[in-house]
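Trainee: I'd like to ask some things about the structure below.
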Amino acid sequence: MARRRRPMVPGAGHALDQFKAEVMRKEGYAVNPNQPDSVKYEVARTLGVPLQAPGNNGQLTTEQAGKVGGQIGGSMVREMIRMAQEKLAQK
């Protein structure tokens, strides 16, 4: 059964997608600003994970899926921590 993750703050999805695009662009990935979620395919390609179009990934192992999500999510978390530390240092 597919999980439907939604942001805690209603309407924050677009801003999170834009943040993802910005972070992954800084990481050196080509990101389509109109489809920031598509960066996962480029990340998968660089990691050697056979990620295909939505709905065709039943053959992926949990480890493979985690590598792709971890690369993206980890980069986003590191950037959020950096931003928070910078903001705290300004006080």
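Laboratory data are not the source of any read-out in this text; all were calculated from the coordinates shown. The structure presented is a predicted model; accordingly, all values stated were derived computationally and were not measured. Counting neighbours? That spans all protein chains shown, and the Cβs are built from the backbone with ideal geometry, glycine included.
Trainee: Using the Kirkwood formula over every pair of different C-alpha atoms, what hydrodynamic radius in Å results for the chain?
Mentor: On the way: mean 1/r = 0.0689 Å⁻¹.
Hydrodynamic radius (Kirkwood, Cα only) of the chain equals 14.5 Å.
Trainee: Once both labels are modelled 7 Å past Cα along the beta-carbon direction, what's the Asn57-Val77 spacing in nm?
Mentor: 1.8
Trainee: Summing +1 for each Lys or Arg and -1 for each Asp or Glu, what net charge is found among the other residues whose Cβ lies under 14 Å from the Cβ of Gln18? Walk me through the numbers on the way to the answer.
Mentor: Working: positive: Lys20, Arg25, Lys26; negative: Asp17, Glu22, Asp37, Glu79.
Summing Lys/Arg as +1 and Asp/Glu as -1 gives -1.
Trainee: What net charge is computed for the residues neighbouring Ala84, neighbours being all others with C-beta under 15 Å from the C-beta of Ala84, Lys and Arg scored +1, Asp and Glu -1?
Mentor: On the way: positive: Arg78, Arg82, Lys87, Lys91; negative: Glu79, Glu86.
Neighbour charge sum, excluding Ala84 itself: +2.
Trainee: Using +1 at the C-beta of Lys and Arg and -1 at the C-beta of Asp and Glu, which of Pro54, Val39, Ile72 has the Cα lying farthest in the positive direction of the dipole of the chain?
Mentor: Checked the options; the winner is Ile72.
Trainee: Taking only C-alpha pairs under 8 Å that are 6+ residues apart, what is the relative contact order of the chain in percent?
Mentor: Details: 56 pairs, mean separation 20.4, N = 91.
Reported relative contact order: 22 percent.
Trainee: Taking a cut-off of 16 Å between Cα atoms, list the aspartates and glutamates near Lys40, but don't count ones fewer than 8 places away on the same chain.
Mentor: Partners found: Asp17, Glu22, Glu27, Glu63.
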